[in-house]
Amino acid sequence: MDHEIVMATEDDRKELLELYRVQHGREFCPWNEGYPSDETIDYDLSRDSLFVMKKDGTIRAAISIEKDEDVDSLDCWDQSLMPSGELARLAVLPEDQNRGLGRIMLQFGMDELKRRGNKGIHFLVNRYNTPALRSYASFGFHTAGECHMYEQDFFCYEKEL
């Protein structure tokens, strides 16, 4: 699949909101009408932290480099991997899922975090999201702990970059 991954722009907003919206109600997806929102996109754009994969001019996937103080403050993270970044809001169009695009976006996000000076990566994964857990295991992430946030049970995953 020929694709390019670029930093999102204001021109991508409508298509991004639609990509986020089509995830609502999908198994293991906690997103709803209020999240991710226009404000979420504003926040990501203001920090040059939102990336999209495009093919033939259409957004097929997106990922954000996150700064979430609640997640960052969990005491399970390995302090030797600080500074550490987080990836969030990974979304792939439903018709493109299970084709490796999520893995491509994760690798891009990890490379970008490293380029920005991070030693490690950490994030939360819904403990019942078997497909995501398999995907992250293939990257060598390990479980640093568990938590309950945002009305869900999560594994806390991390890895050295």
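The values are calculated or read from the model by the stated rules, or taken from the named source; none is laboratory data. Here the structure is a predicted model, which is why all the values come from computation and not from measurement. Backbone-built Cβ (ideal geometry, glycine too); neighbour counts: all protein chains shown.
Do we have any residue at all in the stretch 51-66 that's of a type in the set (Phe, Trp, Tyr) and modelled with pLDDT of 95 or more? There is at least one residue in the stretch 51-66 that is of a type in the set (Phe, Trp, Tyr) and modelled with pLDDT of 95 or more. Would you confirm, using the coordinates I've provided, whether VAL71 is at pLDDT below 95 and buried (at least 18 other Cβ atoms within 10 Å of the Cβ)? So VAL71 passes the test. Being in a helix (DSSP H, G or I), touching a Phe, Trp or Tyr at 6+ places or on another chain (Cβ under 6 Å) and either surrounded by 15 or more Cβ atoms within 10 Å (Cβ to Cβ) or not β-branched (Val, Ile, Thr) (or both) is a description that applies to TYR136.
Check the stretch 151-158 and report whether any residue there is over 13 Å from the mean Cα position of the chain (by Cα), in a loop (DSSP other than H, G, I, E, B) and at pLDDT below 90. Checking the stretch 151-158: at least one residue is over 13 Å from the mean Cα position of the chain (by Cα), in a loop (DSSP other than H, G, I, E, B) and at pLDDT below 90.
Within the stretch 1-25, the only residue that satisfies the criterion of being closer than 19 Å to TYR150 by Cβ and either loosely packed, with under 12 Cβ neighbours inside 10 Å or among the aliphatic types (A, V, I, L, M) (or both) is GLY25. I'd like to know if the stretch 76-96 contains one or more residues that are in a helix (DSSP H, G or I), small (Gly, Ala, Ser) and farther than 22 Å from GLY25 by Cβ. Yes, the conditions are met somewhere in the stretch 76-96. Assess whether ASP96 counts as being without any contact (Cβ under 8 Å) to a residue 40 or more places away in the chain, acidic (Asp, Glu) and closer than 20 Å to LEU16 by Cβ. So ASP96 fits the description; yes.
So that you can scan it fast, the table gives a plain yes or no per residue for (1) farther than 15 Å from HIS3 by Cβ; (2) of a type in the set (Ser, Thr, Tyr); (3) outside any strand (DSSP E or B); (4) in contact with an Asp or Glu (Cβ under 9 Å, 6 or more places away or on another chain):
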{"position": "LYS54", "(1), (2), (3), (4)": "no, no, no, yes"}
{"position": "ALA61", "(1), (2), (3), (4)": "no, no, no, yes"}
{"position": "ARG99", "(1), (2), (3), (4)": "no, no, yes, no"}
{"position": "LEU106", "(1), (2), (3), (4)": "no, no, yes, no"}
{"position": "MET110", "(1), (2), (3), (4)": "yes, no, yes, no"}
{"position": "HIS122", "(1), (2), (3), (4)": "yes, no, no, yes"}
{"position": "ALA144", "(1), (2), (3), (4)": "yes, no, no, yes"}
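Restricting attention to the stretch 16-31, the residues that are assigned to a loop (DSSP other than H, G, I, E, B) and modelled with pLDDT of 90 or more add up to 2. For the structure I just gave you, tell me whether LEU45 is more than 20 Å from GLU95 (Cα to Cα) and in contact (Cβ under 8 Å) with a residue 60 or more places away in the chain. No; evaluated as a whole, the condition is false for this residue.
Out of LEU133, LEU113, one residue alone is out of contact with any helix residue (DSSP H, G or I) (no Cβ under 6 Å at 6 or more places or on another chain), under 23 Å from SER73 (Cβ atoms), in contact (Cβ under 8 Å) with a residue 12 or more places away in the chain and not polar (S, T, N, Q). It is LEU113. For the stretch 81-97, the count of residues that are among the polar types (S, T, N, Q) and either at pLDDT below 95 or in contact with a His (Cβ under 7 Å, 6 or more places away or on another chain) (or both) is at least one.
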